């Protein structure tokens, strides 16, 4: 059974994820008021370099998506706010 779609809002930022391990890299993330930042992914998008998501950095957005794990959000749709 797949996870249900949820609504999230916040500011899109670039930040390092993966700690200090070999998997550490810069990623596009959603910073929310109430949660740990979520790494953003689009279905069919490159998980390490998605130009469409990079264009959202610095913007406030509302996102609909599914959590793939506690820190990764698979986006179904989004819209800029503010």
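Here, each number is a calculation from the coordinates, and none is a lab measurement. In this text, all values refer to a predicted model and were calculated from it rather than measured experimentally. With ideal geometry, Cβ positions are generated from the backbone for all residues, glycine too; neighbour counts draw on all protein chains shown.
One table, with the values for the structure above:
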quantity	calculated
The chain: antiparallel DSSP beta bridges as a percent of all, rounded to 5	85
Efficiency of FRET between residue 71 and residue 49 - r from beta-carbon atoms, R0 22 angstrom, step 0.05	0.75
Whole-number percent relative contact order across the chain, with pairs defined as alpha carbons under 8 Å at least 6 apart	32
Mean ellipticity per residue at 222 nm, deg cm²/dmol - from DSSP H runs of n ≥ 4 across the chain, formula -39500 (n - 2.57)	-500 deg cm²/dmol
Label of the coordinate-derived value, volume of the Cα convex hull per residue in Å³, listed as [x] 101; [y] 160; [z] 136	[x]
